[in-house]
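Below is one structure, written out as structure tokens; comments come after it.
The values are calculated or read from the model by the stated rules, or taken from the named source; none is laboratory data. A quick note: this is a predicted structure, and the numbers were derived from the prediction, not measured. Quick reminder, even Gly has a Cβ in these numbers, built from the backbone with ideal geometry, and neighbours come from all protein chains shown.
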């Protein structure tokens, strides 16, 4: 049975799924077609909200050493083969996961000790969109070997007024034990480039 995480909570993946090596991170959200108010002023949005999920790979100093350590819609596979993004969802339409990322922990280079899962709104300034419009956002982890959902974290859009990007969760190695932490920190940035600068 999956553990429902609260913001700031963490669990041991090694204990929840001994021998875990390969997992799927699913991210989902719903976006209403029209929204009043918000950080950018009252408006009616007729455009779909395109949220982009990404993984930023960090070393023990919490730094991203090169551009190849970001996996997103423009770079769907990490150079090691350990992380694969299954593609971009432009609208958030449909049930279940909107974007999925496959991680093989055994293939990760030793210097990578933390994976940061982020989501940002594509072209947010021009489209006048922010996370307060996003509903039912979640991140979940599934053990691929038996399709067991290990953990799930639901986010509330109401606390993200003015935010255009979000650090949703982290998977990190601590004392040779893989853990997941629910982060849920909203940030006001313009695109993935702004998110990446946080870890440069």
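Here are the numbers:
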| read-out | value |
| --- | --- |
| Out of 59, 89, 75, sole residue that is modelled with pLDDT of 90 or more and either over 27 Å from residue 130 (Cα atoms) or in contact with a strand residue (DSSP E or B) (Cβ under 6 Å, 6 or more places away or on another chain) (or both) | 59 |
| Qualifying residue in the stretch 165-172 (condition: at pLDDT below 80 and outside any strand (DSSP E or B)) | no |
| Cross-chain or 6+ apart pairs with Cβ under 8 Å, the stretch 66-88 first and at positive phi, then surrounded by 17 or more Cβ atoms within 10 Å (Cβ to Cβ) | 87/73; 87/99 |
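So that you can scan it fast, the table gives a plain yes or no per residue for (1) surrounded by 18 or more Cβ atoms within 10 Å (Cβ to Cβ); (2) within 19 Å of residue 104 (Cα to Cα); (3) in contact with a helix residue (DSSP H, G or I) (Cβ under 6 Å, 6 or more places away or on another chain):
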{"site": "139", "(1), (2), (3)": "yes, yes, no"}
{"site": "142", "(1), (2), (3)": "yes, yes, no"}
{"site": "145", "(1), (2), (3)": "no, yes, no"}
{"site": "148", "(1), (2), (3)": "no, yes, no"}
{"site": "153", "(1), (2), (3)": "yes, no, no"}
{"site": "161", "(1), (2), (3)": "no, no, yes"}
{"site": "164", "(1), (2), (3)": "yes, no, yes"}
{"site": "169", "(1), (2), (3)": "yes, yes, no"}
{"site": "177", "(1), (2), (3)": "no, yes, yes"}
